[in-house]
1. Determine which member of the set ALA36, ALA49, ALA83 is under 30 Å from LEU237 (Cα atoms), assigned to a strand (DSSP E or B) and over 22 Å from the mean Cα position of the chain (by Cα).
2. Mind listing whichever residues of region 60-82 are crowded, with 23+ Cβ neighbours inside 10 Å and of a type in the set (A, V, I, L, M)?
3. Give the residue that is modelled with the lowest pLDDT, with candidates limited to residues of region 405-438 that are open to solvent by 60 Å² or more (accessible area, probe 1.4 Å), among the acidic types (Asp, Glu) and at negative phi.
4. Inside region 174-195, can you point out the residues that are surrounded by fewer than 15 Cβ atoms within 10 Å (Cβ to Cβ), touching a residue at least 24 places away in the same chain (Cβ under 8 Å) and in a loop (DSSP other than H, G, I, E, B)?
5. Any idea how many residues of region 140-158 are free of Cβ contacts under 8 Å to residues at least 60 places away in the same chain and more than 21 Å from the chain's Cα centre (by Cα)?
6. Give the residue, chosen from ALA360, ALA325, ALA387, that is over 12 Å from the mean Cα position of the chain (by Cα) and surrounded by 24 or more Cβ atoms within 10 Å (Cβ to Cβ).
7. Is it the case that some residue within region 336-351 is open to solvent by less than 50 Å² (accessible area, probe 1.4 Å), over 20 Å from ASP226 (Cα atoms) and in contact with a His (Cβ under 7 Å, 6 or more places away or on another chain)?
8. With the requirement that a residue be under 25 Å from ALA36 (Cα atoms) and either free of Cβ contacts under 8 Å to residues at least 40 places away in the same chain or in a loop (DSSP other than H, G, I, E, B) (or both), what does region 95-122 give you?
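The values are calculated or read from the model by the stated rules, or taken from the named source; none is laboratory data. Keep in mind the model is a prediction, meaning the values are calculated, not measured. For neighbour counting, all protein chains shown are included, and Cβ atoms are generated from backbone atoms with ideal geometry for every residue, glycine included. All accessible areas refer to the heavy atoms of the entire protein, side chains included, with ligands and DNA or RNA removed. Shrake-Rupley method; radii C 1.70, N 1.55, O 1.52, S 1.80 Å.
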Amino acid sequence: MRSSQLSLPRVHLRFRFAVCLAALVPAFSHADDNAAIARIEAGLRPVVALADAPVKTESLQSVMARLNVPGVSVAVIRDGKVAWTRGYGVAWVGGPAVTPDTLFQAASVSKPVAAMAALRMVEQGKLGLDAPVETALTSWKLPAGAGKPSVRQLLSHTGGMSVSGFPGYAAGKPVPALVQVLDGTEPANTAPIRVDAAPGGAFRYSGGGYTVLQQAMIDRAGQPFDVLARELVLAPLGMKASTFAQPLPAALAAKAALPHDRDGKAFPGGAFTHPEQAAAGLWTTPLDLAKFAIAIQQGAAGRANGVLSPGMTRTMLTPVMNDYALGLQIQDKGKSFGHGGSNMGFKSSLVAFIEGGNGAVILTNGDNGSEIAAGLLRAIAHEYKWAGNQTLVRPTVALTPQARQALVGQYKISSLGDFHIAERDGQLMIAMRPGQWEPLYAESDKLLFVLSRNLELRPVDADSGHAVLGSSSRSYSRVSGN
């Protein structure tokens, strides 16, 4: 049997639009950053590279075209300040150029902003961090379940809550009230949000928990969520372009990018609406999210940031479980924080270091945007010599012909389907989707890897019948082989 860490490759489709880097509109940059920006634009870096070969880079322009992503917007933080911002491509195919002022949906990057608002209410005495959230709910009650989650548990995805995420509501479709989302009643398109596991027992990502918290914040503040979030966080941090209003007000629509699918086609009618504002409803720019990240860096350094006390900021950065703190994922062995986001046609990424004042925010308007954001982050990290987000350089060894042949076969991973290993033109190859082959390399006879993802395949004793895919253990079986 085989032990593996694998990921499914993306489908790359041809996209007919021109990404015009020359037409980018910078908000600002220091003169000494211009050469660095040019190197970053020309040098998006891969997830994994071979130690005995030059790292293969690709220009932002070519990656955007290859992945069918019309627009990208970037802000880079250096020394605790926004060093530069850039817009690339177009807000929609045939539309205006992306500028640093173009609005994008932040998707789940909404969660850390909502978390900061909740923690400010804690400091104001309006919410209890470790009190059951039900004590703050008046217009809706959380049905009895497996326990009573606290605000801290909802913010850290340890509340035992159901409903991982929300697809949103396409233009022209009925949009439910928040209570209908909570109860999963029409026209809501997700299941009821309930406590179906013991709070505090495990990490389980739940946008549903943030939606319950959204209702609790509304009940305690006596204000719509977009209004209270503006007063608690957005206005104090100078995030003037940002709003949690859903749908986006018509007056702001002209400044907003439109979402595009994996083929680069715009979703009919534009952006999906998210009544689950705390979980997925923020419209923003990289510049505004950079201001948010800088405020966290300031608080972590013991300075006032205009929203949270230094002590509460450090609480926000303290992991609860699975390296997830209160609205933030803690990365690089505790050195950085961040969050990613994925709504229909919008992909986003925020990464910042707790010390040293570095970071970046990348927003895109295409369903393949996560790959661009990751490659661009690695280019930024390489240019500025960050401690994290670097390309993983791996050594390789040659396997014996017998070892190569022993790996050839078809495998099935529970709930994910088949993958295949074969010898093709003298190269050991793996296909994680039918017909999509890529080279399979060996770091040793016990560790195989691919270049498309930082995931591994570990051959083990045939009797183990166990595989590891990412961070999740899954059983698998060999369907056929030599």
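1. ALA83
2. Those that are crowded, with 23+ Cβ neighbours inside 10 Å and of a type in the set (A, V, I, L, M): LEU60, MET64, LEU67, VAL69, VAL72, VAL74, ALA75, VAL76, ILE77.
3. ASP418
4. Correct list: ALA177, ALA191.
5. Residues that pass the stated criteria total 8.
6. The unique qualifying residue is ALA360.
7. yes
8. Those that are under 25 Å from ALA36 (Cα atoms) and either free of Cβ contacts under 8 Å to residues at least 40 places away in the same chain or in a loop (DSSP other than H, G, I, E, B) (or both): VAL98, THR99, PRO100, ASP101, THR102.
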